[in-house]
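Notes follow the structure.
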Amino acid sequence: MEPTLSATSVQAAPTNHSCDINKLKRAFAYKLFYQQGKTVLSVSLNDYYQAVALTVRDRMQHLFINSTEAQLEKESRLVCYLSAEFLPGPHLCNSLINLGFFNEFAIAARETGLDLKAIIDQEKEPGLGNGGLGRLAACYLDSLATQQIPAIGYGIRYEFGMFDQEIVNGWQKEFSDRWLQLGNPWEVKKADLVQEVGFGGCTESYVNGQGNRHHRWVPARVVIGIPYDTPIPGYKVNTVNTLRLWSAEAPKSFDFQDFNVGDYFGAVAEKISAENITKVLYPNDEQFQGKKLRLEQQYFFVCCSLKDMIRMHLFCHDSLDNFHDNFAVQINDTHPAVAIPEFMRLLLDEHCLNWEEAWDITTRTFSYTNHTLLPESQDKWPLSLFGSLLPRHLEIIFEINHRFLDQVRLRYPGDETIVRNLSIIDESGPRSLRMAHLACVGSQTINGVAAVHTHLLKTSSLADFHRLWPQKIINITNGVTPRRWMLVSNPRLSQLINEAIGEAWITDLTQLRRLEPLADDAAFRTAWRRVKQENKEDIAAFARDRHRVTLDINALFDVQVKRIHEYKRQHLNLLHIITLYNRLKANPTLDLTPRVCIFGGKAAPGYFMAKLIIKCINAVAEVVNNDPDTRDRLHVYFLPNHNVQTGHLVYPVSDLSEQISLAGKEASGTGNMKFALSGAVTIGTADGANIEIREEVGEDNFFLFGLSVPEVEQLQATGYRPADYYLSDDELRAAIDLIRSGHFSHGDHDLFQPLLTNLLEHDPYLVLADYRSYVDCQQQAADSYRKREQWTRMSILNVARMGKFSSDRSIAQYCREVWRVKPFPIELKWQRIPEGGIVFPRLS
Ligand code: 26W
């Protein structure tokens, strides 16, 4: 039946999409009164924040509805980015900038007696990720929207995100992240779009009405997934995409049977167990743990997301045959790789396609990004655990593997070694599922995240896949969004650049090249230095107010912020600092370039060595910062709780960016790009995207040190003996001996012994092998920093040549080479809500 028009009409609310200053002021008051239930008498800063955020959200909602309608109508291919982690950072400032509303809101806030900056700073960011991978996903969502690509980010709405870190007596202490406690004004709960997710149970086969054998899964338990949508606005375009995060709930809130017989706790047990699935983010990065709850999280969000896509597809089509024409699904590392057997299950068991059809659609739909080479990071589920939770999926994986290995045998007759190496099932020990192999077999494209990383995938960890399918592995070097990592985090530098070359660089970062000639302009260099200096004043005020620490803003700011991990070698940085300390102690009149060494980063709560490294950094800080011989020239500051917000503060103040991982271990790095984009010069190894950054900025504008990947391989093959370096390098020995002596631990010789023993006896990340080269390179950097004009030139040239590292470039490449989608510009159909309201069709 045709819907009849003109039954229900909705009056336009006082808040609409307009950005007229007076209307904005009215909208704040309205939100405060009706949404927060507050008047001026009881209002808090958080209430103001919520009111402003809700006012912004209304305006985004308007564009979101407009985008969704247009995209549905034209059936453009939708990119679905599946990721167990998203680290979007605070939304308010970014949304105001992307929507082009910042000035209007600042004026309206001022005229209301509010300080927009204080309101912006009030926001608690959603820390729904560990580090690089989740932050990359957020940069990509920004670029997708900015390039007008219809896209949805699918993930998990963890009730507790990444823990908050405090430093107590030099040690990391973890506190739960209650990011939802004060309310999240950005999300909209879509209770009508719930999905059911099964777990456990058994499988059955049956013969259907047409006499065909089918299989079905009879789960032992079912939970429901509820989506919460956050709008993702592109920069100055009409496209607003969605981040859809799933939250788990029990299908019924109480078991009244149990409740009535007096088992109150039993009655809520099911509810608690369901809600546990999305309770907390696993805070370990690069370390696979094999926990059942983690697999439940992965399957939960993947199942909800795929069913959501199928629901959308069937809204416009009567079959799933052309699903791949409408959806391109990206698997962000292997965490969502269970999507492949789940999609097969949905097609085979629930939509009755045959295997060949289902497999064809699946392999045209999915693509997989690999973010790590470390063996301990690889998802490898014990078969028994996987089979007990997802029995039907295990059967499907066996079938995928069986068919795949037949193909391998045809290609390599008689070669059972390659069959064993390529198999999705690892039979070398207790049988386990290699999720990376599953992702490779089920995907159209596999990509690495920097040139050297992709090269290593092709030549080592995925070499056999590369031989089998030479076209399938491609490289797409990571990028970062200039909106957040320049406009939001470094407004002063953005303003200076706008004045010099206009604003085109914001969406075409290669335009920064136009700054190159200005590197020779003395007045521009002075202005450039002034920006850095003012940024340093901000962080100095922060350090003073929050941690009662004084930072010398005339010193070289030498910064390493990232997760604490042995492969990233924060301890190499520390050995250099101790070496400087020793030099100053030996010669108090030494003319040392004053340095402020800033560290930041979280250690996984169970990672003993990483936590000891944090303690050691703080122990060295305590001594160096208080010793009268050193404190004026050397300062160590551990900036607690590194996250997107502290990133906003710290990248723009850095002179020297520490990117010192062992060559071959850091897949790409994206912090390296954020630093360089804000004018820091890199000291780094030939690892990840550092190599490409150096190629772009020029070798004269980059401090390279250390072993290369082939040199690392050679040293390890010939037998690495770290103690030899200790014995033959006096400064290295002095630094290590000083730690051992208890100088930084109030005489305690044992405290740092595990760190030292590990370095001297194993040193898996070749810290001692790279020490001399690092320390000498640091000397060159310190000498260059004294030539301020020359240093400023280097800084400007770094920024000018960062064009390649925009996530806009990465996303354009994914669109062309992986997803085969084109920009879909959106016209504003809903210019405004009509005065008389909107007329909706009558619902039957
Ligand atoms: C199973 C535990 C676990 C959790 C997270 C293993 C691995 C991960 C991530 C893949 C770790 C991660 O964030 N990798 C980083 O991804 C960035 C984005 O591509 C890269 O820039 C970093 O080099 C890489 O370490």
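Just grab the label-to-label distance for residue 261 and residue 842, each label 7 Å out from Cα along the Cβ direction, in nm (one decimal).
Between residue 261 and residue 842, the label points sit 5.1 nm apart.
Run a plain Debye calculation on the stretch 487-571 (Cα atoms as equal point scatterers, no solvent) and give log10 I(q)/I(0) at q = 0.15 Å⁻¹, rounded to two decimals, same order as the q list.
Relative scattering, expressed as log10 I(q)/I(0), comes to -0.78.
Considering only protein heavy atoms, what is the solvent-accessible area of residue 464 at a probe of 1.4 Å, reported in Å² to the nearest 10?
40 Å²
Could you check the spin-label model distance between residue 773 and residue 471? Points 7 Å from the Cα along Cα→Cβ, value in nm.
Result for the modelled spin labels: 3.9 nm.
For the stretch 690-844, compute Rh as the Kirkwood radius over C-alpha pairs and then the Stokes-Einstein diffusion coefficient at 25 °C and 0.890 mPa s; write the answer in µm²/s, rounded to an integer.
Answer, rounded: 114 µm²/s.
For the stretch 467-536 and the stretch 741-819, write down the distance between their C-alpha centroids in whole Å.
Answer, in whole Å: 21.
Can you compute 3J(HN,Hα) from phi for each residue in the stretch 607-620, using the Karplus curve 6.51 cos²θ - 1.76 cosθ + 1.60 with θ = phi - 60°, rounded to whole Hz and x for Gly and Pro?
Rounded to whole hertz, the list is 9, 4, 5, 5, 5, 5, 5, 4, 4, 5, 4, 5, 5, 5.
Output the relative contact order of the stretch 540-805, whole-number percent, from Cα pairs under 8 angstrom with separation of 6+ residues.
Here the relative contact order equals 21 percent.
Using mean Cβ contacts within 10 Å as the protection proxy, how do 684-690, 391-397, 563-569, 508-514 order, highest first? Let's see the in-between values first.
On the way: 684-690: 27.4, 391-397: 21.6, 563-569: 23.4, 508-514: 17.6.
Ranking, from highest mean packing down: 684-690, 563-569, 391-397, 508-514.
What is the percent of Cα-Cα separations in the stretch 121-266 that go past 26 Å?
50 percent
Using the beta-carbon distance between residue 173 and residue 118 and R0 = 22 Å, what value does 1/(1 + (r/R0)^6) give for FRET efficiency, to the nearest 0.05? Numbers along the way, then the final one.
Values: r = 28 Å, r/R0 = 1.26.
It comes out at approximately 0.20.
Taking residue 568 as the anchor, which lysines have their alpha carbon closer than 26 Å to its alpha carbon, excluding any fewer than eight residues away along the same chain?
173, 291, 380, 458, 536, 602, 611, 615, 665, 674, 804
Placing +1 on the Cβ of each Lys and Arg and -1 on the Cβ of each Asp and Glu in the stretch 540-805, which of 741, 645, 660 has its Cα farthest towards the positive end of the resulting dipole?
Working it through, the farthest residue towards the positive pole turns out to be 645.
Out of the stretch 139-227, which trypsin sites (Lys or Arg not before Pro) are coil in DSSP terms and have no more than 13 other C-beta atoms within 10 Å?
Here the trypsin sites (Lys or Arg not before Pro) that fit, given the DSSP loop and packing criteria, are 178.
Could you state the number of Å between the C-alpha centres of the stretch 352-366 and the stretch 692-713?
If you average the Cα positions of each part, the centres end up 44 Å apart.
Where does the chain land at 222 nm, in deg cm²/dmol rounded to the nearest 500, when only DSSP H runs of n ≥ 4 count, each adding -39500 (n - 2.57), divided by all residues?
-13500 deg cm²/dmol
Please report the projected area of the stretch 710-759's Cα convex hull averaged over all directions, in nm².
Working: hull surface 15.9 nm².
Taking a quarter of the hull surface, the average projection is 4.0 nm².
Leaving out same-chain residues fewer than 8 places away, which lysines sit with a Cα under 16 Å from that of residue 271?
252, 279
For the stretch 495-520, list residues with backbone N below 19 Å from a point placed 7 Å from the Cα of residue 789 toward its Cβ?
The answer is 516-520.
Residue by residue, what Karplus-based ³J(HN,Hα) values in Hz, rounded to whole numbers, does the stretch 635-644 have, using 6.51, -1.76 and 1.60 with θ = phi - 60° and x for Gly and Pro?
Result, rounded to whole Hz: 9, 10, 10, 8, 7, x, 6, 4, 8, 4.
With a 1.4 Å probe and all protein chains left in place, how much accessible area per residue does the stretch 540-805 have, in Å²?
Normalised by residue count, the accessible surface of the stretch 540-805 is 34 Å².
Sort 229-241, 601-613 by the packing proxy (mean of other Cβ within 10 Å over each peptide's residues), most packed first.
Sorting 229-241, 601-613 by mean packing, highest first, produces 229-241, 601-613.
Just the number, please: carbon plus sulfur as a percent of the accessible area of the chain, 1.4 Å probe, no ligands or DNA/RNA counted. Walk me through the intermediate numbers first.
Numbers: 17190 of 33400 Å².
The nonpolar share, carbon plus sulfur, comes to 51 percent.
So for the stretch 387-505, Kirkwood radius off the Cα pairs, Stokes-Einstein at 10 °C and 1.306 mPa s: how many µm² s⁻¹?
90 µm²/s
Please give the length that would be gained between residue 189 and residue 376 if that part of the chain were fully extended, namely 0.36 nm times their separation in residues minus their C-alpha to C-alpha distance (nm, one decimal). If you can, show how the numbers build up before the last one.
Numbers: separation 187, 0.36 × 187 = 67.32 nm, distance 3.68 nm.
So the extension gain works out to 63.6 nm.
Taking the Cα centre of each part, how many Å lie between the stretch 58-109 and the stretch 304-330?
A separation of 23 Å, based on Cα centres.
When the Kirkwood hydrodynamic radius is evaluated over all pairs of different C-alpha atoms of the stretch 631-697, what value in angstrom, to one decimal, is obtained? Could the numbers behind the result be given before it?
Numbers: mean 1/r = 0.0778 Å⁻¹.
Mean inverse Cα-Cα distance, inverted, gives 12.9 Å.
Given just the C-alpha atoms of the stretch 502-619, how large is their convex hull per residue in cubic angstrom?
Per-residue hull volume (Cα only) is 185 Å³.
If the viscosity is 0.890 mPa s and the temperature 25 °C, what Stokes-Einstein diffusion coefficient in µm²/s follows for the stretch 540-805 when Rh is the Kirkwood radius over Cα pairs?
Translational diffusion coefficient: 131 µm²/s.
FRET efficiency for residue 411 and residue 202, Cβ-Cβ distance as r, R0 = 51 Å, nearest 0.05?
Details: r = 36 Å, r/R0 = 0.70.
Efficiency, rounded to the nearest 0.05: 0.90.
Once the Cα atoms of the chain are picked out, what are the Rg and Dmax in Å?
28.0, 92
Might you report the magnitude of the Cβ-based charge dipole of the chain about its Cα centre, with Lys and Arg at +1 and Asp and Glu at -1, to the nearest 20 debye?
Value, rounded to 20: 1220 debye.
Hey, with R₀ at 45 Å, roughly what FRET efficiency would residue 534 and residue 73 work out to, going by the Cβ-Cβ distance, to 0.05?
The value I calculate is 0.40.
Given Cβ point charges of +1 (Lys, Arg) and -1 (Asp, Glu) and nothing else, what value in debye, to the nearest 20, does the dipole of the stretch 540-805 about its Cα centre take?
880 debye
Placing one identical point scatterer on every Cα of the stretch 415-566 and ignoring solvent, what is log10 I(q)/I(0) from the Debye formula at q = 0.12, 0.17 Å⁻¹?
Each listed q maps to, in turn, -0.79, -1.04.
Farthest toward the dipole's positive end in the chain, which of 612, 237, 626, given Cβ charges of +1 (Lys, Arg) and -1 (Asp, Glu) about the Cα centre?
237
Output ³J(HN,Hα) for the stretch 771-780: one whole-Hz value per residue in order, computed from phi by the Karplus curve 6.51 cos²θ - 1.76 cosθ + 1.60 with θ = phi - 60°, and x for Gly and Pro.
After applying 6.51 cos²θ - 1.76 cosθ + 1.60, I find 4, 4, 4, 5, 5, 5, 5, 4, 4, 4 Hz.
Average projected area of the Cα convex hull of the stretch 350-389, in nm²? Provide the component values of the computation, followed by the final result.
Numbers: hull surface 19.2 nm².
Over all viewing directions, the stretch 350-389 projects a mean Cα-hull area of 4.8 nm².
Over the chain, what relative contact order in percent results from Cα pairs under 8 Å that are six or more residues apart?
15 percent
Give me Rg/Rg_expected for the stretch 56-120, where Rg uses Cα atoms only and Rg_expected = 2.2 N^0.38 Å with N residues.
1.47
Loop-only trypsin sites (Lys or Arg not before Pro) in the stretch 291-328, please: DSSP not H, G, I, E or B, and at most 14 other Cβ atoms within 10 Å.
Loop-located and lightly packed - 291.
The values are calculated or read from the model by the stated rules, or taken from the named source; none is laboratory data. As the structure is a computational prediction, the values presented were derived from the model and not from experiment. Cβ sites come from the backbone with ideal geometry, for glycine too, and all protein chains shown count toward neighbours. Heavy atoms of the whole protein, side chains included, go into the accessibility calculation; ligands, DNA and RNA do not. Shrake-Rupley method; radii C 1.70, N 1.55, O 1.52, S 1.80 Å.
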